[in-house]
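Okay, structure first, notes after.
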Amino acid sequence: MSAESQSIKATRGKGLLEPFLARKRAARADTLISAELRSGRILDIGCGSYPYFLAHTSFREKFAIDQLPPSVVGTEIHWHVLNLNEHAKLPFESGYLDVITMLAVAEHLDPAGLEHLLKEAHRVLRPGGLIIITSPSSWSDGLLRLMARLNLVSAEEINEHVFAYTLPLLGWYFGRAGFEMRRVRFGYFEMGLNMWATAQR
């Protein structure tokens, strides 16, 4: 199966641009991870039934959390089926992980849920570990809903967006979770339509 056909499974629903957008998110996240961290463990939260990013990145151990079971079997990815809107405790001991990714996930969480999940991320990351978030820019919400009506992006995914975050707000939530602001970095990609933010433990 080609990378392009695999990436179609990276999100629920249908959308002409979904494979392209999944690749862009994965590529952006991958560039933010140092070679040193890749010798450890990564967790991708909200990866969908097909973990596109985990399948295309290099790590010693890979873990996934999603509310859906995996659509592929026999991979090296350790899977946890968990609805984080209902149960936001991560099933790992403190300091267990080196990297956590949340690609196009934050917008599906209300602020209280995001704060709790980031506190859990801070707990399970080792000192020096990294969390990476990507999320649509707050101003792009109307455009995304138009694109969903035109079947360019997944209407199923867009209709489940519950909050539009900004980079300063994500930074504030990182601080609430215990991350030091001097270890927070952020920026935009895809012509400003999407944001990325990282925080180091």
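Read-outs: derived from the displayed coordinates by stated rules, not from any lab. Just so it is clear, the structure is predicted and the values come from calculations on it, not from any experiment. FYI the Cβ positions are ideal-geometry reconstructions off the backbone, even for glycines, and counts take in every protein chain you see.
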Nearest-0.05 FRET efficiency for ARG60 and ASP110, computed from C-beta distance (R0 30 Å): 0.35
Long-range HN-HN contacts of LYS14 with modeled amide H, under 5 Å: ALA155, GLU156
Projected-area mean, the stretch 96-201, by convex hull of Cα positions, square nanometres: 6.4 nm²
Note, ³J(HN,Hα) from phi for the stretch 184-201, Karplus 6.51, -1.76, 1.60, rounded to Hz, x at Gly and Pro: 9, 10, 7, x, 10, 8, 6, 6, x, 6, 10, 10, 10, 8, 10, 9, 9, 5
R0 of 30 Å, Cβ-Cβ distance LEU17-SER94: FRET efficiency to nearest 0.05: 0.15
Residues GLU156, GLU190 arranged by fewest to most Cβ contacts within 10 Å: GLU156, GLU190
Long-range lysine pairs (8 or more apart or interchain), the stretch 3-200, Cα under 24 Å: 7
Quarter of Cα convex hull surface for the chain, i.e. mean projection, nm²: 10.2 nm²
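Mind putting a number on the dipole of the stretch 3-200 about its Cα centre? Charges go on the C-beta only, +1 for Lys and Arg and -1 for Asp and Glu, and I need it in Debye to the nearest 20.
Around 360 debye, computed over the stretch 3-200.
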Interchain or long-range residues, amide H under 5 Å from ILE100's placed H: LEU43, LEU130, ILE131, ILE132
³J(HN,Hα), Karplus 6.51/-1.76/1.60, whole Hz, each residue of the stretch 98-113, x for Gly, Pro: 9, 9, 10, 10, 9, 9, 6, 10, 3, 5, 8, 10, 6, x, 5, x
For the chain, with +1 on Lys and Arg beta carbons and -1 on Asp and Glu, the positive-most of GLY15, SER49, ALA64 along the dipole: ALA64
